[in-house]
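> Below is one structure. I have some questions about it.
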Amino acid sequence: MRRITRLTGTVGALALVLAGCGSDVGTNSGDPLTQAEAAEIFAQLQTAVADALGSPSAPATVSPPEVMAVPIPTSSATCPAGGSVSVSGSADETATGISFSLTETVSNCGIVYNTITFTVDGDPHIKISGDITIGGDMQVSGTYDMQGGFLYSADDGRAGSCAVDASVNFTTFNIGGSLCGHSLTN
C-alpha cells in the first residue's frame with residue numbers, strides 16, 4: 001500500500017472555503033434558505049468535516065505533513081446540536097502533491113443559526129474532489145470541486161433541499177458556482 005502526504009490543515013481549510021466534486025448535484029426545493037442561512041449551515045457542516053479529518057476548524061497556517069494510507073478511513077464528527085458528519089474517500093500521491101476524492105455524509109446534523117435549529121441530512125451526499133500541489137517551500141496551491149446537496153428542516157417549520165455545486169481555486173481563493181440557489185463569488 002502506498003503512503004501519501006497528508007496536509008491536515010489544508011484539508012480543513014479546503015473544507016471551510018466551500019468546495020468538492022461529483023456528478024450528482026442536489027436540487028433546490030421547499031422553503032428557501034436565505035443566503036446567510038445557507039452559508040452558515042454549509043460552514044458548520046464543513047467545520048464538522050474538518051473535525052472528522054482531525055483538522056483544526058480554522059487553521060491559520062498549513063500544518064506539517066503527516067503520513068496517511070490510501071484509502072482514507074471513514075471518520076466522523078458530532079455536529080454542534082447533535083447528529084454527525086462522516087467523511088470517506090481516497091487520496092493518491094502525485095509527482096507534486098495529492099489528488100483526492102471524498103464523500104461527506106450528513107446524518108441528522110443539528111445546526112443552530114440565529115436561534116433557529118436546522119436538522120440536516122445528505123441528499124445526495126456531498127462529493128469533494130481536487131488536487132493539491134505542494135511546492136518545495138511548503139507553499140500549497142490547487143483546485144477542488146464540490147457537488148451534491150442536503151435536506152434541511154428547521155424548528156420554525158421550514159423544510160426543503162439545497163443543491164451544492166461549487167468550484168474553488170485554492171491558490172487564489174476564487175470561488176464559483178452556487179449554494180442553495182445563491183451564487184458563490186468573492
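> Using amide H atoms built 1.01 Å from N in the peptide plane, name the residues 5+ places from D123, or on other chains, whose amide H lies under 5 Å from its own.
Sorted by chain and number, the residues that satisfy this are G149, F150, L151.
> Based on the alpha-carbon gyration tensor of the range 83-181 and its eigenvalue square roots a ≥ b ≥ c, which shape applies: rounded if a/c is under 1.5, prolate if not and a/b is larger than b/c, or oblate?
Prolate is the answer for the range 83-181, as a/c is 1.5 or above and a/b outweighs b/c.
> Would you calculate the separation in nanometres between label points at D155 and S75, each defined as 7 Å from the Cα along the Cα-to-beta-carbon direction?
In this crude spin-label approximation the distance works out to 3.0 nm.
> In nanometres, what is the gap between the two model label sites at Q35 and S84, each 7 Å from Cα along Cα-to-Cβ?
Label at Q35, label at S84, 3.6 nm between them.
Only the coordinates and a few stated rules stand behind these numbers; no lab work does. All values derive from a computational prediction rather than experimental measurement. Cβ sites come from the backbone with ideal geometry, for glycine too, and all protein chains shown count toward neighbours.
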